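Taking it in order: structure first as structure tokens, then the write-up.
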Amino acid sequence: MELQYALELTGTFVFAISGALAIREKEHDLFGAGFTGFITAIGGGTLRDILLNSYPLVWIGNVQVLYAILAGVLAAFIFPNFLSRLRKTFFLFDTLGIGFFTVLGVEKALSLGVRPEIAAIMGMFSAVMGGVIRDTLTNEIPILFRKEIYASACLAGAVVYLVLNYFGLERNYNLLISMSLIISIRLIAMKYKLSLPRLD
Amino acid sequence: MELQYALELTGTFVFAISGALAIREKEHDLFGAGFTGFITAIGGGTLRDILLNSYPLVWIGNVQVLYAILAGVLAAFIFPNFLSRLRKTFFLFDTLGIGFFTVLGVEKALSLGVRPEIAAIMGMFSAVMGGVIRDTLTNEIPILFRKEIYASACLAGAVVYLVLNYFGLERNYNLLISMSLIISIRLIAMKYKLSLPRLD
Amino acid sequence: MELQYALELTGTFVFAISGALAIREKEHDLFGAGFTGFITAIGGGTLRDILLNSYPLVWIGNVQVLYAILAGVLAAFIFPNFLSRLRKTFFLFDTLGIGFFTVLGVEKALSLGVRPEIAAIMGMFSAVMGGVIRDTLTNEIPILFRKEIYASACLAGAVVYLVLNYFGLERNYNLLISMSLIISIRLIAMKYKLSLPRLD
């Protein structure tokens, strides 16, 4: 359980960095970048917990999460060029992050007693809605609507987790399989520029 | 009461279809269309229930609502051309839908003990905010701000419902009158391209 | 305490006016303007209270707040030219408003038992998120991301309030100092077009 908590803080830290750097090309000042990093890091989990009426919100009840975000924002301020050059590393971290937060979101929703269909949606929301809120606030087309497979990979992984969980697979194996699935779909989709068909 | 529930599921189904088809001309893939249909169908009621602290949210507590949405999204996927040709039929369904959901939203708010002024706002929110959230996420000018009378018709119907309710009119008559008012205002506004005056 | 309540209603009234007038140059009708005024006035406090799970929301539990908003919207409808000519006066009112609502938001969050770090964020959110939501809905770049120092002034004032509060300064002096700081930073930033550095 301590490994998981350390991973959560690390994931939050990475999401905050990538959020803050995401608006670097724009006219935004340091405060705007920090705000964007903050929203990116907390948005998905906050929406999930509001929808499920689970209070206190994680970053309000646990100040370490807030400090992980602040550390991410500060890192983006102090080393913007260094971190920007790590773009590929960050893409990898972000991909690990959405895999991780999806499965954690599914588990949290299940622990709150909702049906598996709802837990799948909540897992996906945990992973992607921070980025969606960030993009909406900064007048971008949300990442969800852009070309390559993204949120649908999270949804697929969430469903696989729930199916394997239903059949009684041990949690650690399940985590490994579901997260690997999300990460693989996302990496393959980016490499081969795969997207789902359009509606026409 | 069973008729009402059947109508609710039908309304949700129709809102999901029109939400999914709304982004057809865009670059969005099937997942984006499904997500948009989902948000359109649940957005208004979800916002109302969060503002009123009414949990569980309808689509989380009642899985049939979720399946009505999924059915609507699937229908939009399988028959996009057929459904798009029904544009006029959908406009009619959407108009029936906002009338119906406004009055239902007013009643739910009243049942939670809020003042009538708040219930009127909640009725309007139930009907229109799903579309507003959808438009905001997809970078459109929200339908609320476009030309023809739309949300104001819902607000007018909500106020009429509350006034007639105050004077003790029987519920079924009241539903019929208030919904008809919303639907008539909207249809007449579209036919004659009526809009409220601007602020100048 | 009665002075504070009168100030709150006045602040809400002013926020509603400036929200309604903010979209005057656009194609929006009276309803759109009223809706925008409403969202501007309630958005920040509503987001704060949802995040902190503090119900009923202020404008739902206290109908006088709702009427202050309606009065502001009506005033914008009846005297748009007169009020628009008061642009400078409104800028001043808005600046007083963000100072006032920041400190009030900090105090409300503290009274709900959260840590001071969270209270600082909630104070800033109370003051600025109504405008951010308004700008997002109307497809503007949120004021938060525009050039001159704005939300960061609120955050600075919130932190100062918390520090002075920690050291036991009497509340009235603290209010005066913290609000003056926010107002001064904002006025000086506008006069000399000061902005925080960018991330590069």
Which ranges mark the helices (runs of 4 or more DSSP H) fully within region B:1-78 that have 3 or more residues being among the aliphatic types (A, V, I, L, M)?
B:2-22, B:30-51, B:63-78
As an exercise: evaluate A:VAL132 against (1) touching a Leu at 6+ places or on another chain (Cβ under 6 Å); (2) more than 9 Å from every other protein chain (Cβ to nearest Cβ) and give the number of the one condition it does not meet.
(2)
Of these, C:LEU52, C:LEU57, which one is more than 17 Å from the chain's Cα centre (by Cα) and more than 25 Å from C:ASN139 (Cα to Cα)?
C:LEU52
Please specify each residue of region C:141-150 satisfying the condition of being in contact with a Lys or Arg (Cβ under 8 Å, 6 or more places away or on another chain) and either more than 9 Å from chain A (Cβ to nearest Cβ) or assigned to a loop (DSSP other than H, G, I, E, B) (or both).
C:LYS147, C:GLU148, C:ILE149, C:TYR150
Taking C:TYR161 as the residue in question, decide whether it is surrounded by 21 or more Cβ atoms within 10 Å (Cβ to Cβ) and aromatic (Phe, Trp, Tyr).
yes
Looking at B:ASP49, B:ASP94 in this structure, which one is more than 8 Å from chain A (Cβ to nearest Cβ), more than 30 Å from C:TYR55 (Cα to Cα) and among the charged types (D, E, K, R)?
B:ASP94
Among the residues of region A:52-61, which ones are farther than 24 Å from C:SER152 by Cβ and either within 10 Å of another protein chain (Cβ to nearest Cβ) or modelled with pLDDT of 95 or more (or both)?
A:LEU52, A:ASN53, A:SER54, A:TYR55, A:PRO56, A:GLY61
Going through region A:169-193 in order, the residues found to be exposed (fewer than 14 other Cβ atoms within 10 Å of the Cβ) and in contact with an Asp or Glu (Cβ under 8 Å, 6 or more places away or on another chain) are A:LYS193
So in region C:183-200, with the set limited to residues that are more than 14 Å from chain A (Cβ to nearest Cβ) and part of a helix (DSSP H, G or I), which one is farthest from C:ALA151 (Cα to Cα)?
C:LYS191
Among the residues of region A:101-124, which ones are within 22 Å of A:LEU3 (Cβ to Cβ) and surrounded by fewer than 24 Cβ atoms within 10 Å (Cβ to Cβ)?
A:LEU104, A:GLU107, A:LYS108, A:LEU110, A:SER111
How about region C:64-86: which of its residues are under 22 Å from C:GLY44 (Cβ atoms) and either among the aromatic types (Phe, Trp, Tyr) or surrounded by fewer than 15 Cβ atoms within 10 Å (Cβ to Cβ) (or both)?
C:GLN64, C:TYR67
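Of the residues that make up region B:88-97, is at least one small (Gly, Ala, Ser) and without any contact (Cβ under 8 Å) to a residue 60 or more places away in the chain?
no
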Candidate set: region C:21-41, residues that are under 14 Å from C:PHE90 (Cβ atoms) and at pLDDT 85 or above; chosen: the one nearest to the other protein chains (Cβ to nearest Cβ):
C:GLY37
Restrict the check to region A:116-138 and report whether at least one residue is closer than 30 Å to C:PHE145 by Cβ and acidic (Asp, Glu).
yes
Filtered residues of region A:138-158 (kept if over 19 Å from B:ALA20 (Cβ atoms) and surrounded by 24 or more Cβ atoms within 10 Å (Cβ to Cβ)):
A:ALA153, A:CYS154, A:GLY157, A:ALA158
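The values are calculated or read from the model by the stated rules, or taken from the named source; none is laboratory data. All figures in this text were calculated on a predicted structure; none of them were measured in a lab. As a convention, Cβ positions derive from the backbone with ideal geometry for all residues, glycine included, and neighbour counts pool all protein chains shown.
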